[in-house]
Amino acid sequence: MAEEKKVYTRTKGIIEGAVSGFCPGCMHSTIHKIIGEAAEELGQLDNLVRVEGVGCCGLGQFYVTCDETIAAHGRAGAVATGIKRSSPNSLVYTYQGDGDLAAIGLAETMSAANRGENFTVIFVNNGIYGMTGGQMAPTTLVGMKSTTTPGGRNPEEHGYPMHMSEILNQLTAPYYIERVSCDTPQHVIAARKAIKKAFQYQLDGKGYSIVEIVTSCPTNWGLDPLKSLDFLREKMFEEYPLGVFRDEGKKLK
Amino acid sequence: MARIEITTEACKSCSYCVISCPKQCIEISDKVNSKGYLYAASVRPEDCIGCAMCAQICPESAIEVWR
Ligand SMILES: Cc1ncc(C[n+]2csc(CCOP(=O)(O)OP(=O)(O)O)c2C)c(N)n1
Ligand code: SF4
Ligand code: SF4
Ligand code: SF4
Ligand SMILES: [Mg+2]
């Protein structure tokens, strides 16, 4: 019998023995895992710098092995700009929720993208403010209940969901924009590939990349993990279709 | 023979591995870890093909795979 080989090992991008602080079924932890794996595959774990937004991603500070700092709420794009410009050889990424990136941080998000800053944005869109107990985010679906829209989001009063990948795709400077998810093993693999590609573009000096991950918040959606997957696929993917919006690297030959 | 190892202390009982295994060889057990979660366990291990789908989907990086 052939000797057995280890074919899947926990990434060194996550602290050995650490248990995440995220809720059961929350894909924040999946995303932390695949960021570690992508950086590891590129041999960049020791060169990785994380700029954390404010939200449930804050739990990641006790979970990842890379250097990191936490930006004031929404300002990760500005902080990452400073870090990347002063340490251009570091592999810098921001990790931001939809409240952080698309509400309070909208100006910093747009400005950094518009300047084509050479860092990578990991944007976790779960359609809600998870950390603070489930308030409406700019990405909350029409009709979706939150603590601040107890009757469901009403566009006349609260506006419509904002599609950040599509909005950023209106700018000239961004190099790579893709929307992925983590609801199946296949999607997890594709999401890791997208993050790895974005990291590689940054290492090649190509400029601004954003990988939007459409995900869930089982706790504040009030659904168990498996039911949250159904909602994600039936409702979130309809509003936020997965796919590549821009890949300048593909155009070159 | 392929096999998996589950770090039961990291498991949060989400069942994502259970629904992702093409061979139905993971189930949520009736045993509780120190955090209070009923953790996932390998069943019918002889059916495991080492595809690592369970490990890919596991949010908690709780599964490692040998083949
Ligand atoms: C200046 C400021 N305003 C408000 C808050 C409260 N606050 C903390 S996290 C958060 C929103 C988090 O939502 P999101 O970015 O979507 O992250 P999630 O927890 O859903 O991953 C808010 C409003 C704060 N910490 N700082
Ligand atoms: S509150 Fe929501 S986003 Fe935050 S860890 Fe729990 S499930 Fe994840
Ligand atoms: S490696 Fe594949 S077959 Fe084995 S338990 Fe995991 S998902 Fe099932
Ligand atoms: S996917 Fe991971 S955390 Fe979820 S039940 Fe399986 S082993 Fe536990
Ligand atoms: Mg959110």
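Okay, residues lined up against (1) within 16 Å of ligand 3 (Cβ to nearest atom); (2) closer than 18 Å to A:Cys66 by Cβ; (3) part of a helix (DSSP H, G or I):
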site	(1), (2), (3)
A:Thr81	no, no, yes
A:Tyr95	no, yes, no
A:Gly99	no, no, yes
A:Ala103	no, no, yes
A:Thr109	no, no, yes
A:Ala112	no, no, yes
A:Val124	no, yes, no
A:Gly127	no, no, no
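Would the range A:47-62 turn up any residue that is modelled with pLDDT of 95 or more, more than 16 Å from the chain's Cα centre (by Cα) and within 16 Å of ligand 2 (Cβ to nearest atom)?
Taking every residue of the range A:47-62 in turn, at least one turns out to be modelled with pLDDT of 95 or more, more than 16 Å from the chain's Cα centre (by Cα) and within 16 Å of ligand 2 (Cβ to nearest atom).
Scan (1) open to solvent by 30 Å² or more (accessible area, probe 1.4 Å); (2) facing chain A (nearest Cβ under 9 Å) for the single condition B:Val65 breaks and write down its number.
All conditions are met except number (1).
Given the criteria under 13 Å from A:Val124 (Cα atoms) and either within 16 Å of ligand 5 (Cβ to nearest atom) or at pLDDT below 95 (or both), does A:Gly99 qualify? Working first, answer last.
On the way: under 13 Å from A:Val124 (Cα atoms): yes; either within 16 Å of ligand 5 (Cβ to nearest atom) or at pLDDT below 95 (or both): yes.
So A:Gly99 fits the description; yes.
Given (1) part of a loop (DSSP other than H, G, I, E, B); (2) facing chain A (nearest Cβ under 8 Å); (3) farther than 17 Å from A:Phe22 by Cβ, identify the lone condition not met by B:Glu60.
All conditions are met except number (3).
Please return the ranges of strands (runs of 3 or more DSSP E) entirely within the range A:1-79 where 3 or more residues are in contact (Cβ under 8 Å) with a residue 12 or more places away in the chain and open to solvent by less than 60 Å² (accessible area, probe 1.4 Å).
Details: elements: A:6-8, A:48-52, A:67-70.
Correct list: A:48-52.
Considering only the range A:113-124, I want to know if a residue exists there that is modelled with pLDDT of 95 or more and open to solvent by 50 Å² or more (accessible area, probe 1.4 Å). If you could, list the steps in order and put the result at the bottom.
Restricting attention to the range A:113-124, the residues satisfying the condition of being modelled with pLDDT of 95 or more are A:113-124.
Checking the rest, the ones that are also open to solvent by 50 Å² or more (accessible area, probe 1.4 Å) come to A:114-115.
Yes, the range A:113-124 has at least one match.
Just to verify a result, which residue in the range A:82-120, among those that are within 13 Å of ligand 1 (Cβ to nearest atom) and among the aliphatic types (A, V, I, L, M), is nearest to the other protein chains (Cβ to nearest Cβ)? Please lay out each step first, then the result.
Pass one, the range A:82-120, residues within 13 Å of ligand 1 (Cβ to nearest atom): A:94-106, A:108-109.
Restricting the remaining residues to those that are among the aliphatic types (A, V, I, L, M) gives A:101-104, A:106.
Details: A:Leu101: 21, A:Ala102: 23, A:Ala103: 25, A:Ile104: 26, A:Leu106: 28 Å.
Checked the range A:82-120; the qualifying residue nearest to the other protein chains (Cβ to nearest Cβ) is A:Leu101.
Hey, can you tell me all the residues within the range A:1-25 that are at the interface with chain B (Cβ under 9 Å from one of its Cβ atoms) and β-branched (Val, Ile, Thr)?
A:Val7, A:Thr9, A:Thr11, A:Ile14, A:Val19
The values are calculated or read from the model by the stated rules, or taken from the named source; none is laboratory data. Note that the coordinates shown come from a computational prediction; the quantities given were computed from them, not determined experimentally. Because the Cβ atoms are built from the backbone with ideal geometry, glycine has one as well, and the counts that use them run over all protein chains shown. Quick note on the areas: whole protein, heavy atoms, side chains included, nothing else; ligands and nucleic acids left out. Shrake-Rupley method; radii C 1.70, N 1.55, O 1.52, S 1.80 Å.
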